[in-house]
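Remarks on the structure that follows.
The values are calculated or read from the model by the stated rules, or taken from the named source; none is laboratory data. Bear in mind that the values here come from a model prediction, so they are computed numbers and not experimental data. Note that we place each Cβ from the backbone using ideal geometry, even for glycine, and neighbour counts take in every protein chain shown. All accessible areas refer to the heavy atoms of the entire protein, side chains included, with ligands and DNA or RNA removed. Shrake-Rupley method; radii C 1.70, N 1.55, O 1.52, S 1.80 Å.
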There are 4 protein chains.
Amino acid sequence: MSMNSFGHLFRVTTWGESHGPALGATVDGCPPNVPVDAAMLQQWLDKRKPGQNKFTTQRQEPDAVEILSGVFEGKTTGTPVQLMIRNTDQRSKDYGEIAQSFRPGHADYTYFTKYGNRDYRGGGRSSARETAARVAAGGLARAALGDGIEIKGYMVQMGDRKIDRSRFDWGEIKRNPFWVPDAKAAEDWAGYLDGLRKDHNSVGAVIEVVASGVPAGLGAPVYAKLDTDIAAAMMSINAVKAVEIGAGMSAAMLTGVENADEMRMGPDGVEFSSNHAGGILGGISTGQDIVCRFAVKPTSSILTPRKTVTKDGREIDLITKGRHDPCVGIRAVPVGEAMMACVILDHLLLHRGQIGTNQGKIDV
Amino acid sequence: MSMNSFGHLFRVTTWGESHGPALGATVDGCPPNVPVDAAMLQQWLDKRKPGQNKFTTQRQEPDAVEILSGVFEGKTTGTPVQLMIRNTDQRSKDYGEIAQSFRPGHADYTYFTKYGNRDYRGGGRSSARETAARVAAGGLARAALGDGIEIKGYMVQMGDRKIDRSRFDWGEIKRNPFWVPDAKAAEDWAGYLDGLRKDHNSVGAVIEVVASGVPAGLGAPVYAKLDTDIAAAMMSINAVKAVEIGAGMSAAMLTGVENADEMRMGPDGVEFSSNHAGGILGGISTGQDIVCRFAVKPTSSILTPRKTVTKDGREIDLITKGRHDPCVGIRAVPVGEAMMACVILDHLLLHRGQIGTNQGKIDV
Amino acid sequence: MSMNSFGHLFRVTTWGESHGPALGATVDGCPPNVPVDAAMLQQWLDKRKPGQNKFTTQRQEPDAVEILSGVFEGKTTGTPVQLMIRNTDQRSKDYGEIAQSFRPGHADYTYFTKYGNRDYRGGGRSSARETAARVAAGGLARAALGDGIEIKGYMVQMGDRKIDRSRFDWGEIKRNPFWVPDAKAAEDWAGYLDGLRKDHNSVGAVIEVVASGVPAGLGAPVYAKLDTDIAAAMMSINAVKAVEIGAGMSAAMLTGVENADEMRMGPDGVEFSSNHAGGILGGISTGQDIVCRFAVKPTSSILTPRKTVTKDGREIDLITKGRHDPCVGIRAVPVGEAMMACVILDHLLLHRGQIGTNQGKIDV
Amino acid sequence: MSMNSFGHLFRVTTWGESHGPALGATVDGCPPNVPVDAAMLQQWLDKRKPGQNKFTTQRQEPDAVEILSGVFEGKTTGTPVQLMIRNTDQRSKDYGEIAQSFRPGHADYTYFTKYGNRDYRGGGRSSARETAARVAAGGLARAALGDGIEIKGYMVQMGDRKIDRSRFDWGEIKRNPFWVPDAKAAEDWAGYLDGLRKDHNSVGAVIEVVASGVPAGLGAPVYAKLDTDIAAAMMSINAVKAVEIGAGMSAAMLTGVENADEMRMGPDGVEFSSNHAGGILGGISTGQDIVCRFAVKPTSSILTPRKTVTKDGREIDLITKGRHDPCVGIRAVPVGEAMMACVILDHLLLHRGQIGTNQGKIDV
């Protein structure tokens, strides 16, 4: 019942702070004999890595992952995999002001209220650096999943700018710094975000994550539904304020006639005419694409002064210096993918545990 | 790691099907010495009870809760509380068609795919009747929480109709069948929903749940955040497709300047100028109102024919007869309240466990 | 993290008190499509049922189990199975003295100290009646395990009387009231226990439980070892004070040369020359018989006066009237079997979840 | 539900192999503001450290613990504490024979059978080196517990040699290499074990661990009993085959008259005339000393040839070279203490969570 763990059978516990010596993920329950090495994980960490362009924090971190346990002769052993990432660019600045005051919209106040202490260096445990460990664990989950299941994330909204779905192009996602599948949007957003950044401001975003190839039957009633676990996974990411599955909030506007994803027989079995359900009915996968979206709030650390208070109750106007992302949603894309990979693998293992390949029968 | 359990220390496991002899909740971890009796729980069940007006299912169920264990001489003992609700109105109808086919937009298909079997009587385990057990457990959580924390739910949207927040009236909520805090909306929605019902259609809704009086400091990084657990709680309710905390999906449209809930000192400590955060920062409560919304999709069981398939792969057009809610979101209001009560109590216990009243110190 | 739950994937939560309306087990995670009905479970409950001879409590309880959920058309559905046993013979006696004082050697004092209250009627939650629910759950586990795995319990010691292993006879176990595999011991013990009973005394016992047919490979390092979970399972039974696996406490007296269960190839694979390990090495099953023993202390409720104190601090000498077992170890035999069945099934599901039938590979 | 985690609220996950770069413990749920540094933990690791005398393995490991997270400015923050111990003396020997064959009495065979692979270097995950991580975590638990609770372990038996309790001397424990509270036994055992070692043999042992100062009321029915969790904790230690609480296996020989720990009022409340219960009744602490014993089997890696088989089914006689403990029970003493510390702290937090300081009442 660890507060820093996620997953049922594929169980990820992250640890570490922004400015400590290292952070990482302790991953238990990974199937054995999964071929994996650090380079395979690094490709995903490189997507999340800071300092790659002017739209993300300028902190320079290689985010090099080391596998300390659980992998032997190039394959997982089935025992815990320790994934460690050293912090290298902890700037030796004076944290005086941040140490004494609470950034509005940030976890500074609540951590201090809860614990009676706070690691104020770069946000400590509440820093988005924690998500590097998730990406490493997600990389391991992907390795275990193999090639049959594909997980892709991308931005669909930044501030009040949304993508035009008629221009949707999978190939475009890797070509722009926003992981956006719409070339025109990418161009537009670059100017928009640059303006906000120069205005000492930041902005929110919506990320969509799609998992394809997920077999029907994953998930479980009533509290460990596949959508419940996806909602928890995404909401647990820093700065996320909402999670949608399929039609999401728009489901409220649909009628029953519209919402029914009608079914017909196709060459390989049941086919659906639409996917308002986002691939999940009654908490269990339908075999369609799993579709999830989540909203990320704007970075709270901005150079514009905001009213706040200090630990000793003084009222001040605070400017937060430092190296912060103008749109933290950008780097949330690989994090959302990683969480999706972990949830899907976890539910594959759960399903295999309870149901097996033989509709439940124990074969001894 | 039960798939049908919810909560960390205040742990609720629900059981039972729509048309079995009974359903209920096994609640473990309730604090001892909480004054409670069946009548105290019944008040909440009566809010969710079907058949109260033409906008909900006409199934007649008293939903009378019995306390089978864990309460002695009018108070909880600290051991498991078994809350049982007998099913009384299981209509002896012919389930033939439903038993052989899958309602589109319903869990029929996925349950069958997963388990290789299905209790087709009234949806079995996937029936919204399961939520009666949640409401009973939520009643117990409220009793344990005492009067200092108030939890209120209400509808804010039905189909494309939204409330006008300038007309928000807490007193109005109990006066109309929609639990809507806007008298004019209530009137409008009555006609709107009646029209849909007569058209053999149904519609979705958005419910908002607010918890007041929650102290600052509840919640925990990184995966057992207060908002993570609320998101999971709400997404686990039947037919829910999205969950928002505070600004929710709209957080994507805010800038950092707008989103900062600025802080000043008030007579009783820190005060916030706004609550975009919905009372939660970094997964931990701020002391402000906890604000959550969730979207409920339209009932999939409708009298309008929809294309589907049978177990043996025949294509049919299915009309779902029976007694179904035209807007299942209405009865989701007390369910959302119950889940919020369970989450808040659970996090109060977790906080007390790790931190105590003395900032962590163990006093032996 | 329920305090009244046991198991990882096959998860049993028991509830209920000795003198409440009912008690039971909420069982989650059972594989689907297991053929089961109440009669199949009843056979095991009948073994534990009180009042069958003069060596067990004279309380008359049919211990009839009802299946309230999770079974449809004679098979498990894969959703929670609620197993309820009504209490019928709660004698309406005056609990005055017990209510005000603490039986020495009993949980009276600790429950009151912990919870600040106590259901004193027949021991409330601490009554051995709770174990009826375990036996019901164990019956379900046996049904899921099928015929390939056999679990047998029996007494090997009562007081200072031990069985003579040279007379070990499986067939004898069912023929005597002590479930002892040694006819001569059964005869001897009858007189011995009758004497103790007439002396207003009670006595302890050792039970051995053997599981045959368990495949090699079940269990897991480091904290969910098969022996760890068996130790927890048995120690959680009322009145148990020790658990041994294989050589048990005697392992301390062995040398490494003696302790090595040497291995040779047999017609069906590896064979062992001995089984000091009790079928478990490194927390994982070897394919040999799983052998476990546990010690049960004497019943603390006896007619001989013992010194104790009352709730308000008075010193008294207490005689405990009522209907108590002179050797509670007798009825612990089916309970130990039930716990073993639950642990084995749970680990079969866990193994299937992480490893599958294909050495870990996910096949999608 | 991690297989490599232990504890409910104070949750320890260990990771790492004998010959990997490092091993450690990820500890979640530690109360905040506990003063701790590496030196405080090192004192306990130094007790377990190998190579200190001829009675333990000659592998030279400093077992220096590094705190990578969760401690800031000398105090715990309340977030995960990562405790890492680098492996430094992985001898670059040829593992050829061990890699291809299974040591009888060792986990080699079962790991390979389960996972289809095995890290054969020094036993990999099944090595007793894993217990170094437990000792580090136990040190943190002790720091959180403060001075009010004292936990002491010692050997009471080696092979067929038992201590003479009439010579019991707490002060003696630290003076001899066996942690035995009986100077005469220490002298005798030295010769006995040296003889076994020279004979290429090894031997088992019994360790007793006592926790003093534990308040009454810790523990919980029915499956998270204090004794259940202690039994699991101790049985999870490598090579342990039995666990006893209080009278342990001998409880079977007691009558109810003897077993009753009679109660009288003392100056500070209830006093007990004896402690057959080992400080636990009904799974809940009585306020007396918690007394636990566990048996450790002899080291299976010995220089005497034993019959076994190879991976490819050849029958061989195996001599296990390398640096092995002739009595692994010696170094199990600090491990048993560490596990006890973790269990006690965990149950203090659980008790505080459910019951608080006010008999359950939530004060908001």
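Values as computed for the structure displayed
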| read-out | value |
| --- | --- |
| 10 Å Cβ neighbours from other chains, averaged over peptide D:296-302 | 6 |
| Heavy atoms of A:Phe72 accessible to a 1.4 Å probe, total area in Å² rounded to 10 | 30 Å² |
| Reduced Cα scattering model of chain B, Debye log10 I(q)/I(0), q = 0.11 Å⁻¹ | -0.80 |
| Accessible surface, 1.4 Å probe, highest first, among residues A:Arg175, D:Arg86, B:Arg121, A:Arg134 | A:Arg175, D:Arg86, B:Arg121, A:Arg134 |
| Chain D Cβ-axis minimum, rotational copy A, residue and distance in Å | D:Thr26, 2 |
| Tail weight of P(r) past 18 Å, computed on alpha-carbon pairs of segment D:261-364, percent | 71 percent |
| Distances in nm from A:Ala190 to the matching label points in the other copies, shortest first (labels 7 Å along Cα to Cβ) | 5.8, 7.9, 9.5 |
| Area accessible to solvent at D:Tyr154, 1.4 Å probe radius, in Å² | 10 Å² |
| Solvent exposure ordering (accessible area, 1.4 Å, most first) of B:Glu315, B:Glu262 | B:Glu315, B:Glu262 |
| Heavy-atom surface of segment C:124-214, accessible at 1.4 Å and reported per residue (Å²) | 36 Å² |
| Cβ crowding within 10 Å averaged over residues, with B:187-194, B:159-166 ranked highest first | B:187-194, B:159-166 |
| Cα-based reach from D:Lys184 at 29 Å (exclusive), listing lysines while leaving out same-chain residues under 8 positions away | D:Lys47, D:Lys49, D:Lys54, D:Lys152, D:Lys162, D:Lys174, D:Lys198, D:Lys241, D:Lys297 |
| Shielding by partners - mean other protein chain Cβ count within 10 Å, residues of D:343-356 | 6 |
| Residue-level accessible surface for A:Lys47, protein heavy atoms, 1.4 Å, Å² | 40 Å² |
| Inter-chain Cβ neighbour average for residues B:264-275, partner chain, 10 Å | 2 |
| Label geometry 7 Å along the beta-carbon vector: B:Arg323 inter-copy distances in nm | 4.2, 6.6, 7.7 |
| Within a Gaussian network of chain C (alpha carbon springs, distance under 10 Å), most fluctuating of C:Leu140, C:Leu68, C:Leu350 | C:Leu68 |
| Antiparallel bridge percentage (DSSP; both residues within chain A; nearest 5) | 100 percent |
| Summed buried accessible area for A+B [probe radius 1.4 Å, Å², rounded to 100] | 8800 Å² |
| Solvent exposure of segment B:227-364 as accessible area per residue, Å², 1.4 Å probe | 29 Å² |
| Value of [θ]222 nm, deg cm²/dmol, for the protein assembly as shown, DSSP H segments ≥ 4, -39500 (n - 2.57) each, nearest 500 | -8000 deg cm²/dmol |
| Whole-percent carbon and sulfur share, accessible surface of chain B, 1.4 Å | 49 percent |
| Solution diffusion estimate, µm²/s, Stokes-Einstein, the protein assembly as shown, Kirkwood Rh from C-alpha pairs, 25 °C, viscosity 0.890 mPa s | 76 µm²/s |
| Cα Rg, Dmax (largest Cα-Cα span) when computed across segment B:197-325, Å | 20.7, 70 |
| Rg/Rh for segment A:1-103, where both radii come from Cα atoms and Rh is the Kirkwood radius | 1.05 |
| By accessible area with a 1.4 Å probe, ligands and nucleic acids excluded, highest first: order of B:Val364, A:Val270 | B:Val364, A:Val270 |
| Cβ-vector label at 7 Å, A:Val364, separations to other copies in nm | 3.2, 4.0, 4.7 |
